[in-house]
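The values are calculated or read from the model by the stated rules, or taken from the named source; none is laboratory data. Predicted model only: the values in this text are computed from it and were never measured. Cβ placement follows ideal geometry from the backbone for every residue including glycine, while neighbour counts extend to all protein chains displayed. Ligands, DNA and RNA are stripped out before the accessible areas are found, and what is left, the full protein with its side chains, is counted by its heavy atoms. Shrake-Rupley method; radii C 1.70, N 1.55, O 1.52, S 1.80 Å.
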Amino acid sequence: MKIATYNVNGVNGRLPVLLQWLKESAPDLVCLQELKAPGEKFPLQAIQDAGYHAIWHGQKSWNGVAILSRHGMPKEVTRVLPGDPEDLHSRYIEAEVEGITLGCLYLPNGNPAPGPKFDYKLKWFERFTLHAAELFASGKPVVLAGDYNVIPTGRDVYKPERWVNDALFLPETRAAFEKLLSQGWTDALRKLYPDETIYTFWDYFRDAFGRNAGLRIDHFLLNPATDKRLTSAGVDKFVRGWEKSSDHAPVWIELK
């Protein structure tokens, strides 16, 4: 089973790229982030024509998450991260599909930091960590995939000294990620490639992609029930080089 996560940075504007990638890579399950479209503008027909069922939680101009499946309709569990009924951002959706609980997330960016946006990021992170603990305790196979907006370590960013004041790399952000991992989650890409340079995002400015000046901020976290099934993982970096592509590349894992 191949599971992918992809921050599309606008599902309608990047639809040709998304459809071409789905055709070429043929993942079984897909988590999408940054749809940047209200629910009624989600391109369901095009997704269905590509062979996928879909559930989604959209939001006008910002955020938005979706789960796609080639093997039947995902059974939605929730489209709201518990813990704050006043939080109206579309940043989380969770489903049961193919015997797996799949959480798709778009964690807040948090810039500028310090400030209200960074405070919101850390509070969202706390809520997510509490929810993740409940999922972990269930013992069921769980995959938590998406754009975490976290650079875990210095090896996950080109020239880390340039990011010391960025919300993605601040000590509080990295500590929150470590706290989450300490529950027992496995960072899938780092398990298989502990020492390699791996990036999943390249800015549009200063020829970042051409220079491979990137970040690793899109992650797969696996609980023991899925970790033991992990066989391979990678980044479809070539997609980032396509015309009118997202600034993220799709990331994927394969489970036996």
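Okay, here's what the table says:
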item: Selected residue (only one of E40, E98, E76, E24 is out of contact with any Lys or Arg (no Cβ under 8 Å at 6 or more places or on another chain) and at positive phi); result: E98
item: Subset of the stretch 85-97 (residues that are assigned to a strand (DSSP E or B), over 16 Å from K60 (Cα atoms) and out of contact with any His (no Cβ under 6 Å at 6 or more places or on another chain)); result: E94, A95, E96, V97
item: Any strands (runs of 3 or more DSSP E) falling wholly within the stretch 1-84 and containing at least 3 residues that are open to solvent by less than 20 Å² (accessible area, probe 1.4 Å) and in contact with a strand residue (DSSP E or B) (Cβ under 8 Å, 6 or more places away or on another chain); result: 2-7, 29-33, 65-69
item: Selected residue (only one of E98, E134 is modelled with pLDDT under 95 and open to solvent by 20 Å² or more (accessible area, probe 1.4 Å)); result: E98
item: Residue list for the stretch 164-211, restricted to those being basic (K, R) and surrounded by fewer than 18 Cβ atoms within 10 Å (Cβ to Cβ); result: R174, K179, K191, R206, R211
item: Qualifying position, being under 18 Å from Y148 (Cβ atoms), charged (D, E, K, R) and modelled with pLDDT of 95 or more, among D87, D49; result: D87
item: The stretch 62-81 residues that are under 21 Å from A50 (Cα atoms), paired with ones that are open to solvent by less than 80 Å² (accessible area, probe 1.4 Å) and among the hydroxyl-bearing types (S, T, Y) (beta carbon under 8 Å, 6 or more apart); result: G64/S90; G64/Y106; V65/S90; V65/Y92; V65/Y106; L68/Y52; S69/Y52; R70/Y52
item: Members of the stretch 152-184 found to be touching a Phe, Trp or Tyr at 6+ places or on another chain (Cβ under 6 Å) and outside any loop (DSSP other than H, G, I, E, B), listed by number; result: V157, W163, A176
item: Search result, residues across the stretch 23-50 that are more than 16 Å from L105 (Cβ to Cβ) and touching a residue at least 40 places away in the same chain (Cβ under 8 Å); result: S25, A26, P27, D28
item: Hits in the stretch 192-242 - residues which are assigned to a loop (DSSP other than H, G, I, E, B) and hydroxyl-bearing (S, T, Y); result: Y193, T197, Y199, T200, Y204
item: So D207, is it in contact with a His (Cβ under 9 Å, 6 or more places away or on another chain) and within 26 Å of S245 (Cα to Cα); result: no
item: Criterion (open to solvent by less than 50 Å² (accessible area, probe 1.4 Å) and of a type in the set (F, W, Y)) met by exactly one of Y148, Y120, Y158; result: Y148
